[in-house]
1. Could you work out how far apart the two model spin labels at SER169 and LEU56 are, taking each label as a point 7 Å from the Cα in the direction of the beta carbon, and quote it in nm?
2. List the trypsin sites (Lys or Arg not before Pro) within the stretch 207-238 that DSSP assigns to loop and that have no more than 15 neighbouring Cβ atoms inside 10 Å.
3. To make sure I understand, if each residue's beta carbon is the centre and we count other beta carbons within 10 Å, what order do ARG243, ARG176, ARG87 fall in, fewest to most?
4. Cut-off is 10 Å between beta-carbons; in what order do LEU56, LEU290, LEU42, LEU282 appear when sorted fewest neighbours first?
5. Grab the Cα-Cα distance for VAL363 and GLU39, subtract it from 0.36 nm times how many residues apart they are, and report the gain in nm with one decimal.
6. When the Karplus curve 6.51 cos²θ - 1.76 cosθ + 1.60 is applied with θ = phi - 60°, which whole-Hz ³J(HN,Hα) does each residue of the stretch 235-250 get, with x for Gly and Pro?
7. Would you mind finding the longest exposed-site-free stretch of the chain, with exposed GluC sites (Glu not before Pro) meaning DSSP loop and at most 16 other Cβ atoms within 10 Å?
8. To check my understanding: the extent here is largest minus smallest coordinate of the Cα atoms along each principal axis. What are those three numbers for the chain, in Å, largest first?
Amino acid sequence: MALFGRKKRAEAPVETIDEVVPDEPETPSKPLGVEQYREQLLAVVEPQQPIGLGVLDAFGRRLCEDIVADIDLPTFTGAAVEGYAVRAADVAAASASHPVTLPVLDTLDSPLYRGAPLLEASTVRVRVGAPIPDGADAVVPLEQTDGGELEVQIRAAVAAGEHLRLAGSDIADGTRLLENGRVLDAGAIGLLAEVGLDKVLVRQPPRVVVLTVGSDLVPPGLPLASRAHRYDATTTLIAAAARADGARVFPAGTFGDDAAVLTVALTDQLIRADLIVVVGGLEGSLPEVLEELGTASVQRVAINPGGLQGFATIGADNTPVIALPGGASSAFVGYHAFVRPALRRLQGEPDMLSESRLLPARVALHGHDEATELIPATISDRGVEPTGVPGADLAYDVARADALIVLPPGTHLVPANSDVEVWVLTTPRG
């Protein structure tokens, strides 16, 4: 796809043209809608392939299969109380005034020993948790007998199945225990072990490289060489956002706007990247570099801030690259509109944005005729309010934001206390 929607001009042979006719002015193409651009971007992002890991190593990873039990738990039918295993029909007439006397054939107190099948009109003594013999279908509690050793008086009737812990009553063979996509926490890991699984299919956290382009940028910790320089906040900002979304992040730092430098920087990162996020450089040499390294698209998108956006696939593995505009607010907005959905796609999650709510705007808001306005904001119990000064593009503004207000194209004025769509980014700070 041509960068910026331009077409290369054909060079006319000099010897056949006497007069060069000026080209007609190019008509700027209409910016893509946010959803349309996001769909194009996500089309080049493929979910990572699952790998098999030991259950403990799979902690915190996303499951890539349904887990179905192939075992009953408990594995046998046992006594739920201490007493005597019986055939319920043999003691149906038992009562305190007319006990039923049965010979005691055995004592079962270990899950390793089940004993011989129970004969009619007989019983065996059982401890809690011991398996009952074939033929028995109930247990008479000890307190409802005289506790005899060779023979016992049963002083109460029991129904079939009473005081038993049935095989499979906790987990039955064929029960779906965990669903594809579940993040494996400590409880899930324990459950996998409980049903005898030592390995599961999971997706590794995506490896995300973040770098920023800007000849005037200085890494934090170094002195500013002049008033024209400023500290690079966006590498750290976007790296932290990706880490919060479950990625393994490699901040690569700041690079000057030089095609040769950027080519080396990008190719060097391919060995450790499932996704590369570049902040800045879209109006410089970056588009040319991306086209040289693979297939690229840099387009005007109907989003504010940050109308110029780009994506590409580069290298032998077609590693996706997402290019965001420079500036903290623009990069922050672009991350949540485009990078976060790509991370979800890499992790095999449904394509969805942040949680969306309708909340009252605490102040009047103004949108754009042709662009979706995304405004960093903070949520309180009284509604949602923008943070910072429009156009400032500072990390200071997004540092206080736990939401983005979404104003669709054509929104001229939203009166105070009117409901607006809000993307909730983090737990509100209150």
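Readers should treat all values here as calculations from the given coordinates under stated rules, not as data from a laboratory. Please read these numbers as outputs of a predicted model, since none were measured by experiment. Cβ placement follows ideal geometry from the backbone for every residue including glycine, while neighbour counts extend to all protein chains displayed.
1. That separation, rounded to one decimal, is 3.3 nm.
2. Counting only loop positions with at most 15 other Cβ atoms within 10 Å, the trypsin sites (Lys or Arg not before Pro) in the stretch 207-238 are ARG227.
3. The most exposed by this proxy come first: ARG176, ARG243, ARG87.
4. Neighbour counts put them in this order, fewest first: LEU56, LEU42, LEU282, LEU290.
5. Extra length from VAL363 to GLU39 when fully extended: 113.4 nm.
6. 4, 5, 4, 6, 4, 5, 5, 5, 5, 4, 8, x, 8, 8, 10, 10
7. Answer from the scan: 180-282.
8. Each principal axis gives a Cα extent; for the chain these are 122, 54, 47 Å.
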